[in-house]
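Below you'll find the structure, written out as structure tokens, and then a few comments.
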Amino acid sequence: MGAVTVAGLVADKPVHSQDWASLKESFRNIQSVKAEFLQERHLQILKEPLVSEGRFFYLASGSLRWEYLSPLQSVMLQKGDSVRLYHFSEGAWKQDMAQGVEARRMVLAEMSQWLQGRFEESRIFSYSYSQGPPGRILLTPGEGINRFILSIEIVLSDRPGVIDRVEITEPGGSATRIAFRNVEINASFLSKLFDEP
Amino acid sequence: MNFKRKLKTGLFTVLMLCAGCLSIPETVLRPGAPEDLESCAALFPSGPWECVHKIEAVIQEGGMSFSLLGITKGDPADRKLHTVLLTPEGFILFEAEQIEDTILVLKAVAPFNSTAFSRGLMEDVSLLFLPPQEGPSKWGRSADGAILCQWESPDGSRREISLSTVWKISLRDRHGDLVKEALLKAPFVKGLASQTELRAYKPAPYRLKLTLLSGTP
């Protein structure tokens, strides 16, 4: 399985465990990330999970493009505090109406923080770290959010500072699993990726 | 002159309003074969099923639109439906169950949290996936050879299935005005149309394009 190397330039040797300070150091060296992902949405109503594929582009300066390629084409663009959502329909990109925008904005902000290793800055989740192997960061939501999310687990790969997958558990037995692959670290890409769908 | 113009405008308005109230003329049907009635029923899944659709919705033409994922599970024998609407990221925006005419909303996020929305959505889902419970009030073939089956409800509204070059499910109110109309496109995968376009006219117009992503009996 692929993984997001969030500290690819720091060390490429496999490690069996990493303490919190060196993990944080690894995250600090990331300027940009480009990766593909495979998302499995497990719902009690469905026998088989709903599988989506996509990609994301991230700049540590505060930009994120989180894009689904199938089965729906949609994109969330974050640049600083601004978040815009679009979907592709009837041959054109269209800006989304407000459904679930707040929840999606919150998740985008959280993802940006995870990619920078800033788990302790979350206003929604408290964190705990277990060195493993594999290293795991467990995010637990506060009152209110726990009606929707019970926990988020970020599983690190055996390479330092590498996220292998994210597992989100919800009340009622639903869950989301996002696995990353084909990662490029500190690659350069055009800034218009964060401006236009 | 001014009075004449006002009178003309007034008459035109009255005519237009009346046109909107007119019922459609009753279609004269030739008796159909028993297989024709079976063909109407075959538009709906016959046993328990579940399916996933890509839904492209247009609420105001040229204006508000969105794309969602829709999961629907049904059991025609028990008149049961379970529907979930999700964003592309997998956030649940709406989830409801329906048994007979009772709707139980399990989860609803604004702007999908109104009673009108849940009632309208479950009506759409029932129209598309649940076969009418009773036998038809009328069925047969129209002059152009199309198969037509019609079910009338106690409140005077009626559901029609028309099978010709296009397969159509319509809902008309007690005045005969078209409320909703769905065009189903082949191929049918496990009893489910691969493409469906639903147009709602009353009380508020909107358009849904459903593309079947998966279906299991």
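Coordinate-derived values only; no laboratory data. Small disclaimer: the values here were computed from a predicted structure and weren't measured. Cβ sites come from the backbone with ideal geometry, for glycine too, and all protein chains shown count toward neighbours.
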_Over 23 Å (Cα to Cα) - which of B:Lys107/B:Lys202; B:Lys73/B:Lys185; A:Lys94/B:Lys202; B:Lys107/B:Lys190 fall in this group_ = B:Lys107/B:Lys202; A:Lys94/B:Lys202; B:Lys107/B:Lys190
*When you look at the Cβ of every residue in B:93-101, what mean number of other chain Cβ atoms sits within 10 Å?*
1
*Anyone know which of A:Asn186, A:Asn146, A:Asn29 comes out most mobile in the 10 Å Cα GNM of chain A?*
A:Asn146
*asked:* Can you compute the FRET efficiency between B:Arg199 and A:Ser126 using 1/(1 + (r/R0)^6), with r the Cβ-Cβ distance and R0 = 35 Å? Round to the nearest 0.05.
replied: 0.10
*Given the options A:Leu43, A:Leu115, A:Leu64, which has the most mean-square fluctuation in a GNM of chain A, springs set between C-alpha atoms less than 10 angstrom apart?*
A:Leu43
_Residues B:Ser137, A:Ser63, A:Ser128, B:Ser39 arranged by fewest to most Cβ contacts within 10 Å_ = A:Ser128, B:Ser137, B:Ser39, A:Ser63
*List the DSSP H helices in chain B whose Cα atoms stretch 15 Å or more along the helix axis and whose mean Kyte-Doolittle hydropathy is at least 0.0.*
B:2-21, B:115-129
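What FRET efficiency would be calculated for the residue pair B:Gln60, A:Arg136, taking the C-beta separation as r and a Förster radius of 60 Å, to the nearest 0.05?
0.80
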*asked:* What does the C-alpha gyration tensor say about the overall shape of the range A:74-197? Classify as rounded when a/c is under 1.5, otherwise prolate if a/b is larger than b/c, or oblate.
replied: oblate
*In terms of the Cα gyration tensor, with a ≥ b ≥ c the square roots of its eigenvalues, is chain B rounded because a/c is under 1.5, prolate because a/b exceeds b/c, or oblate?*
oblate
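Between A:Ile145 and B:Asp75, what FRET efficiency comes out of the Förster formula 1/(1 + (r/R0)^6) with R0 = 22 Å and r the beta carbon distance, rounded to 0.05?
Numbers: r = 34 Å, r/R0 = 1.55.
The pair B:Asp75/A:Ile145 has a calculated efficiency of 0.05.
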*asked:* I want to make sure I understand the PRE zone here: with the label point 7 angstrom from the Cα of B:Lys107 toward its beta carbon, which residues in the range A:14-55 have backbone N atoms less than 18 Å away?
replied: A:39-52
*Compare A:Glu121, A:Glu36, A:Glu90 in a GNM of chain A, Cα atoms joined below 10 Å, and give the one with the largest fluctuation.*
A:Glu90
*Regarding the protein assembly as shown, what whole-number volume in Å³ per residue does the convex hull of its Cα atoms give?*
187
*When the convex hull of the Cα atoms of the range B:113-217 is projected onto a plane and the area is averaged over all directions, what value comes out in nm²?*
7.9
